[in-house]
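Notes follow the structure.
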Amino acid sequence: MKDRRIVIVGFMGCGKTTVAKELARQLGCDFTDLDSFITEREGRSPADIIELDGEARFREIETVALRDALQEDNKRVVALGGGTWTVPVNRSLMNAHECFTIWLDAPFELCWQRIMASSNTVRPLAPDRETARNRYESRAESYELAERRIKLTESDTPETIVKELLRQS
Ligand code: S3P
């Protein structure tokens, strides 16, 4: 993990942003959240882009944003959006940059509880439980391609997760 860019992967609500932030804090390096990076560049959030222009257009914007974020040396820890890693061209980009990818493997129920609880974050790709569950299941195969997998439980906190990550590295 040393000296490599660290990328946090996983389903909506698994805690990518909070874990990435805590990891960056403990490593004393910069952190970026791809969704926020997109929002700054585009002047609208991923949710707005998906709702207005469709998911396909969002994926194009996301890939360009990812490519640009990976060019910036200071972006040492990156939290992806839930779908970023599932797109093959994005995985190739991260592999080309020798990113160290960590999958936060949270159970669906935990993700769903958090999706429901975060009323200030709109998630058009998880409009109801069944749609979210199907998406969760269909993505597992690609998340498994991440280099490291951390299985999460409800009692884990960003601090315990980061401790475990640093212990393993
Ligand atoms: C998406 C997840 C969102 C955001 C967009 C699409 C997805 O990010 O990128 O709404 O396809 O799973 P979070 O995982 O941070 O919610």
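A short reminder: the numbers here are calculations on the coordinates, not readings from a lab. Please read all numbers here as calculations on a predicted model, not as lab measurements. Glycine gets a Cβ as well: all are built from the backbone with ideal geometry, and neighbour counts include every protein chain shown.
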Requested in this report: Check the chain and count each lysine pair with an alpha-carbon distance under 18 angstrom, considering only pairs eight or more places apart or from different chains.
Outcome: 9
Report summary line: Applying the gyration tensor rule to the Cα atoms of the range 4-156 (axes a ≥ b ≥ c; rounded if a/c under 1.5, else prolate if a/b exceeds b/c, else oblate), the class is rounded
Query raised in the report: Most exposed first by the Cβ proxy, i.e. fewest other Cβ within 10 Å, how do LYS2, LYS75, LYS16 rank?
Result: LYS2, LYS75, LYS16
